[in-house]
Amino acid sequence: MMRILFSLALVLGTAGAASAEFTTVVDAERFRDLITDKVLTRPLIRLKVSPSGQIEGTGAAIAVQGNWNWRNGFFCRDLSWGERDLGYNCQEVRVNGSRIRFTSDKGNGDYADFSLKPN
């Protein structure tokens, strides 16, 4: 089911603007500035990514939780969705205004765009 939700998020995310409009986030401080007091949203998904390294929220009304750290220029997260362990993945982060894009596999995989909304 998580693969279905993640696939849905990726399909919906690819309908966004071209990558050229996004700038890469290269350090943890910039990332923390972006997510502080914000909620990441997209259809069926609402996540709070805390500056201290926690992730919590919902995906298709199922609890999402995990942890993240910043490693070698990438957002690295360990995540679970309900009872499913989604594993560890390091992702490239890009931003365009109030939109944030996460691209799996250190920028070499699929991407999903989220809106950054005030908490």
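Computed from backbone phi with θ = phi - 60° and the Karplus coefficients 6.51, -1.76 and 1.60, the 3J(HN,Hα) list for segment 61-75 is 6, 10, 4, 10, 8, x, 9, 9, 8, 9, 9, 6, x, 10, 7 Hz; x is used for glycine and proline. Sorted on the mean count of surrounding Cβ atoms within 10 Å across their residues, most packed first, peptides 32-40, 50-58 read 32-40, 50-58. Between Rg and the Kirkwood Rh of segment 54-119, both from Cα atoms, what is the Rg to Rh ratio? Taking Rg over the Kirkwood Rh, I get 0.96. For segment 15-102, the fraction of alpha-carbon pairs lying more than 15 Å apart is 60 percent, rounded to a whole number.
Bear in mind that the values in this text are calculations on the coordinates, not laboratory data. All values derive from a computational prediction rather than experimental measurement. Positions of Cβ are backbone-derived with ideal geometry, glycine not excepted, and every protein chain shown enters the neighbour counts.
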